[in-house]
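Let me begin by presenting the structure, written as structure tokens, before commenting on it.
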Amino acid sequence: MHGHFGRVVGYALYKAKKNFGIPYIITEHDSFLAKGRESKYTANVLKKVYDGAACRIAVSKSFAEILDRKYKNNFEYVPNIADFSAFGDVEKVEHGQFTFVSVGNLIELKAMDVTIKGFAELCKTNDDVKLILVGDGPQKDALKKLVDELHLTDRVEFAGRLDRHAIKEVFAKSDCFVLMSRSETFGVVYIEAMASGLPVIATRCGGPESFVNENNGILVDVDSIDQLVEAMKKMMKTKYDAKELRQFCVDNFAPEVVANQITILMEKYGTNA
């Protein structure tokens, strides 16, 4: 059997093996664990789940290292699957201004305030730029107030919560994706943006370091407005090939690619289950 999230599904798999001898593989995504917020009870349960698994998978390299150290088990890196059905092969829409887009819940974790402040600094030396924020959440009013205070109401668009097909339309009239997350175990939305032909600005927050590189984007430190501004300036001067960005995603995160990696692990560890 193969399950996801140790503290949700993992214990059921552990009990199935204990009672019926059914081996299992567990894939861990839980950002709660990356922050070290699990209780002693949860940590003890997870230790049993991980010890009992034939193979343990983490969805980013840095997350695998964290879990290795914390639970004294070997975790293999296998990325998340990305669903490209709503993204890719985007026909670009003429939009004049160089447009940055960010997609995420309007919560502290996604650091939209940092994105806005960085964009405000960029606007001091660049007149023809725009920022679109896609998402909703408890910080919406505070973020709108920040935009007003920075005199950016004509430069920043709050698009609200959109479905995947509507996000694709926003990507079509954008030039760069930026998300200043404070923590990610992977970051599927970066992959979706790249699959739509957009280079990305991401943070060194745990997940993006596994797949963002000089060929598809720029990594900056968490909460660094200065680095964000420099990355935005560089993005405005750098040409990226949209087809190459999409092909990178297909080659590394398509369902059949990830499924093949998991199958290989099942075959490798099956005899030790």
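The values are calculated or read from the model by the stated rules, or taken from the named source; none is laboratory data. Please read all numbers here as calculations on a predicted model, not as lab measurements. FYI the Cβ positions are ideal-geometry reconstructions off the backbone, even for glycines, and counts take in every protein chain you see. Please note that ligands, DNA and RNA were not included when accessible areas were found on the heavy atoms of the full protein model with its side chains. Shrake-Rupley method; radii C 1.70, N 1.55, O 1.52, S 1.80 Å.
Projected label points at residue 44 and residue 224, each 7 Å from Cα along the beta carbon direction, are separated by 4.2 nanometres.
Toward the positive end of the charge dipole of the stretch 59-102, with +1 on the Cβ of Lys and Arg and -1 on the Cβ of Asp and Glu, the farthest Cα among 86, 74, 100 is that of 74. Charge dipole (Cα centre; +1 on Lys/Arg Cβ, -1 on Asp/Glu Cβ; no other charges) of the stretch 182-273 amounts to roughly 200 debye.
On the beta carbon distance between residue 257 and residue 151, with R0 = 45 Å, the FRET formula returns roughly 0.45. Cβ-Cβ distance of residue 93 and residue 237, R₀ of 25 Å, FRET efficiency by 1/(1 + (r/R0)^6): the value works out to about 0.70.
Exceedance of the 28 Å cut-off in Cα-Cα distance is limited, within the set 47/140; 35/237; 173/234, to 47/140; 35/237. As a fraction of the 1.4 Å probe accessible area of the stretch 158-273, surface on carbon and sulfur atoms comes out at 48 percent.
Taking a quarter of the surface of the Cα convex hull of the chain gives a mean projected area of 15.0 nm². The gain in end-to-end length when the residue 269 to residue 4 segment is fully stretched comes to 93.7 nm, 0.36 nm per residue minus the alpha carbon separation. Rolling a 1.4 Å probe across the protein heavy atoms gives the chain an accessible surface of 48 Å² per residue. Annotation: aspartates and glutamates with alpha-carbon distance below 13 angstrom to residue 18 (same-chain offsets under eight excluded): 51.
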